[in-house]
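Trainee: Sharing a structure below in structure tokens format, with a few things to ask.
Please treat every number below as a calculation from the coordinates, not as lab data. Please read these numbers as outputs of a predicted model, since none were measured by experiment. When we count neighbours, we look across all protein chains shown, and the Cβ atoms used for this are built from the backbone with ideal geometry, even at glycine.
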Amino acid sequence: MKCFVTGASGFVGSNLVHELLARGHRIKVLLRDKADERALAGAKYERVHGDILDPKFLVSEMDGCDWCFHVAASYHLWMRSYKSMYETNVTGTKNVLEAAGKAGCRRIVYTSTVGCIGLPRIENTVVIPATETEQLSPEQLTNHYKRSKWQAEEIAFKLTRAGLPVVIVNPTAPIGPRDVKPTPTGRMIVDFLNRKMPAYIDTGLNWVHVRDVAIGHILAAERGGIGERYILGNGQGNWTMEQTMRVLQEVSGVRAPRRQIPRWVAMTAGRVNEVFSFITNIPPRVPVAGVRMSKYKMWFDPSKAVRELVIPQTSPKQAFADAVQWFRANGYVKK
């Protein structure tokens, strides 16, 4: 298949490109000018420079492509102004999906987020991991990233009802190699390895190997149901932060922090951080949006993707080991 990929220089996008190439597909990637292509090293692809805010350009460049993977997104928990985030995540998604339809793509895979799925239920103090059927309530849209991605997902559903062959995938918290920037979860690992994490906050995430997420995208194109969405996560990956710290210590040899800080302390630190960020324009190490999200255990059930797509289930421990090895090998850890 000839595949068109947006966001190819990012964490998930670059891993997707490598997995597509391993399966013999031809790839055309959309990159911004001066894009950081380090994560694409060794990959052979056709490069085109442009903007997802240019609809005519997108239709022209997608002509002849069989599959479209729209992975590009603005993922920030703090910005001076969120206007560009909504332009990229909402308007850009509409442009890409409509252009793929006009170009005749047979499958359009849109990368959403589990932030668009309702939070897990709690029954008798037990957290029940959420599935794709959990509805997101307005009060759960706690930050601009989630809000913009929710609006984009609504557009994807609307275009599917209009006849476009869109399949939606909702990754949980991917980790592994090629996290060049790095992402917020990758930054946590880097801080841990550099002993810049004196304490942690009580929360929970579903960890998944980024390679499994990339393969999940391909499987969604091959066998995903049009108009369906799939949680790309790991059935054994619902861990508390305390469990996560223990595993990181085991795979890295770096001692994990023992102290757990109260949420109100983290919130205070976040607000102070953001004051300085407005002055310096340097993103806060502790964004308020991240502290708010930590209130909930973001645990999810990927059984639909396992059952219908047969997404791989690499152990989360292996995912952390691969991430640690990659960050060390690529100069992110001070000796």
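Trainee: What's the exposure ranking of Asp301, Asp191, going from fewest to most Cβ atoms within 10 Å?
Mentor: Asp191, Asp301
Trainee: Could you state the angle between the C-alpha long axis of helix 11-22 and the longest principal axis of the C-alpha atoms of the chain, as a value from 0 to 90 degrees rounded to the nearest 10?
Mentor: That works out to roughly 50 degrees.
Trainee: Quickly rank 104-117, 268-281 as a protection proxy: mean count of other C-beta atoms within 10 Å, highest first.
Mentor: Highest to lowest by the protection proxy: 104-117, 268-281.
Trainee: Using the alpha carbon gyration tensor of the stretch 1-95, what are the three equivalent-ellipsoid semi-axes (square root of 5 times each eigenvalue), largest first, in whole Å?
Mentor: Details: eigenvalues 102, 52, 23 Å².
Sorted largest first and rounded, they come to 23, 16, 11 Å.
Trainee: Using modelled amide H (1.01 Å from N, peptide plane; none on Pro or chain starts), what sits under 5 Å from the amide H of Ile27, excluding residues fewer than 5 places away?
Mentor: So Ile27 has HN proximity to Cys3, Glu46.
Trainee: Report the charge-dipole magnitude of the stretch 165-301 in Debye, nearest 20, computed about the Cα centre from +1 at each Lys and Arg Cβ and -1 at each Asp and Glu Cβ.
Mentor: 520 debye
Trainee: Which residue, Pro262, Pro182, Pro120, has the most motion in a Gaussian network model of the chain that connects Cα atoms within less than 10 Å?
Mentor: Pro262
Trainee: Round to the nearest 10 and give me the degree value, 0 to 90, for the angle of helix 144-161's Cα axis relative to the longest principal axis of the chain.
Mentor: On a 0 to 90 degree scale, this one is about 30.
Trainee: Build a GNM of the chain with springs between Cα atoms under 10 Å: which of Lys28, Lys102, Lys317 gets the top mean-square fluctuation?
Mentor: Lys102
Trainee: Related question: Output the Kirkwood hydrodynamic radius of the chain, Cα pairs only, in Å rounded to one decimal.
Mentor: It works out to 20.3 Å.
Trainee: Here's something else I'd like to know. Roughly how far apart, in whole Å, are the Cα centres of the stretch 22-49 and the stretch 129-171?
Mentor: Comparing the Cα centres of the stretch 22-49 and the stretch 129-171, I get a distance of 27 Å.
Trainee: Using the per-residue mean of other Cβ atoms lying within 10 Å as a proxy for protection, in what order, highest first, do the peptides 41-52, 89-100 fall? Display every interim value, and only then the final one.
Mentor: On the way: 41-52: 13.8, 89-100: 23.2.
So the peptides 41-52, 89-100, ranked by packing, come out 89-100, 41-52.
Trainee: How about the stretch 183-235: which trypsin sites (Lys or Arg not before Pro) there lie in a loop by DSSP and see at most 13 other Cβ atoms within 10 Å?
Mentor: Of the trypsin sites (Lys or Arg not before Pro), the ones in loops of the stretch 183-235 whose Cβ has at most 13 other Cβ atoms within 10 Å are Arg195, Lys196.
Trainee: Roughly what angle does helix 263-280 make with the longest principal axis of the chain, taking Cα atoms, 0 to 90 degrees, to the nearest 10?
Mentor: 60 degrees
Trainee: Compute and list, largest first, the equivalent-ellipsoid semi-axes of the stretch 71-132 from the alpha carbon gyration tensor, each √(5λ) rounded to a whole angstrom.
Mentor: Equivalent ellipsoid semi-axes, largest first: 30, 20, 7 Å.
Trainee: Rg (Å, one decimal) plus Dmax (Å, integer) for the alpha carbons of the stretch 178-291?
Mentor: Final numbers for Rg and Dmax: 17.0, 49 Å.
Trainee: Further question: Running a GNM on the chain with Cα contacts under 10 Å, which residue among His25, His76, His144 ends up with the highest mean-square fluctuation?
Mentor: Top of the fluctuation ranking is His25.
Trainee: Output the pairs from Lys83/Lys181; Lys149/Lys317; Lys44/Lys334 with a Cα-Cα distance over 25 Å in this structure; if there are none, say none.
Mentor: Too far apart for the 25 Å limit: Lys149/Lys317; Lys44/Lys334.
Trainee: Can you tell me which aspartates and glutamates have their Cα less than 17 Å from the Cα of Lys335? Leave out same-chain residues fewer than eight positions away.
Mentor: Asp191
Trainee: Another question, if that's okay. Picking from Tyr82, Val180, Gly237, whose Cα lies most toward the positive end of the charge dipole for the chain (charges on Cβ: Lys, Arg +1; Asp, Glu -1)?
Mentor: Val180
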